[in-house]
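Mind looking over this structure? Questions follow.
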Amino acid sequence: MELSSVILHISFLVIYAKMLAFGFAGPEERKCKYLRVEKMLKIRCYDMNLREVPQYLKSSVEVLDLSYNRIRKLKRSSFQPYRSVKFLLLYDNLIQTVEPGTFSDLKSLQEIDLSNNGLLTIPMELLQLPSLRNLYIDSNELINLERDLEALETPIRAPLEYINVADCGLQDIPNFGILPKLWHINASMNPLMDLSIERFANWCNLKSIDLTQSKLNQCQCQQVNNHLRAISAKTKFVPVCLETFDNSICPLPYNFTIDSETFQTCKTSVAKAEARNLGIFVTGCAGGILVVILLVWYCIHRKRKRRNKKLQAAALHRKSLVISPKNAINKSEKEFHFNHNDELLCCDTA
């Protein structure tokens with residue numbers, strides 16, 4: 001009897017621990033919190049000791065915060081219930097494995113934060129999401145990233161604008177292919193001993209880059225600064241060059257960057273995107289004006305139709321008046337000098 005009681009007690013503790021991990025039980029402060037952020041549904045499962053992505057949350061969630069937990073593996077089914085999510089926060093977990101297809105259904109995803117985990121590469125399917133603009137994957141040891149990027153199909157579909165790969169042990173800036181919308185990349189706290197200036201040609205819209213605490217040599221430093229000045233980008237977060245080399249020793253970067261075919265292709269992509277957006281804007285305006293004109297015409301037409309119906313209805317119900325013979329005779333001046341003794345005109349109705 002005592003053994004069965006002990007087994008029952010242990011079973012209860014195990015089940016209770018599982019329920020705590022997934023938020024089914026426990027103190028109120030350990031439950032996922034539902035909030036509204038700029039009209040978006042946010043679910044905050046922050047610091048709850050979760051070991052897997054909970055599957056019981058509202059499927060309409062748009063901001064999902066799973067940071068500061070103990071999630072080690074992301075499964076293909078982890079986010080299938082949450083296809084509407086736009087902002088996904090997974091920083092400060094223990095993620096080491098991401099199954100293929102984990103993120104492929106998140107077509108609305110605009111930002112993901114996978115920083116401070118145990119990843120060895122970036123899940124390549126993220127780079128094909130059609131809405132992804134911001135990618136945070138800093139503080140991961142991305143030793144397999146360069147190998148995986150060699151097999152990456154370019155140009156990628158993700159319209160990346162901001163990338164954070166700081167403190168990832170990188171020897172070179174990742175080659176994601178042409179990124180015409182990218183305006184900032186944070187590659188600080190990486191060695192970058194093998195920095196390729198040619199990769200800067202992929203970012204024709206770059207406004208700033210963070211290379212602080214990197215180990216650029218003096219020639220690399222000089223080339224990066226020259227390139228950034230040529231495209232009017234900020235050099236605030238680039239190491240200051242202590243020496244200036246002659247062009248024969250350290251060639252100017254322009255042949256590899258702004259004068260390269262890659263850079264021109266990038267600029268062409270930007271021009272096409274702007275023309276496409278302008279076309280969509282003009283078409284939208286024209287369509288809006290046409291809709292307004294049609295609505296005004298419809299309102300006027302409807303108003304006239306109602307008025308005509310009323311006039312027709314009044315004409316059908318109006319009775320014809322016929323002057324009585326009694327009033328048609330004895331016309332004299334007294335007809336025009338009416339007094340109280342005069343006889344009122346009579347009308348016969350037909």
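Any read-out appearing in this document is the output of simple, stated calculations on the displayed coordinates, not a laboratory observation. Note that the structure is predicted; figures quoted are calculated from it, not measured. Because the Cβ atoms are built from the backbone with ideal geometry, glycine has one as well, and the counts that use them run over all protein chains shown.
Compute the relative contact order of the range 57-168 as a whole-number percentage, counting only Cα pairs closer than 8 Å that sit 6 or more residues apart in sequence.
It comes to 22 percent, rounded to a whole number.
If you count, for each residue, the other Cβ atoms within 10 Å and average over each peptide, how do 46-58, 103-115 line up from highest to lowest?
103-115, 46-58
Separation between the Leu311 and Ile258 pseudo-spin-labels, each 7 Å from Cα along Cα→Cβ, expressed in nm?
7.2 nm
Of the GluC sites (Glu not before Pro) in the range 153-255, which ones lie in a loop per DSSP and count no more than 13 other C-beta atoms within 10 Å?
Answer in residue order: Glu153, Glu243.
If you don't mind, there's one more thing I want to ask. If you stretched the chain out fully between Asp172 and Glu125, how much longer would it get, using 0.36 nm times the residue separation minus the C-alpha to C-alpha distance?
14.8 nm
Give me the distance in nm between label points sitting 7 Å out from Cα along the Cα-to-Cβ direction at Arg36 and Lys207, one decimal.
In this crude spin-label approximation the distance works out to 3.1 nm.
Obtain the nm distance between the two label points defined at Val282 and Thr97 by a simple spin-label model: each point lies 7 Å from its Cα along the Cα-to-C-beta direction.
5.5 nm
Something else: Given the range 130-222, what whole percent of its Cα pairs are spread farther than 18 Å?
When all Cα pairs of the range 130-222 are counted, 42 percent exceed 18 Å.
Dimensions of the range 65-154 along principal axes (Cα, Å, largest first)?
32, 30, 22
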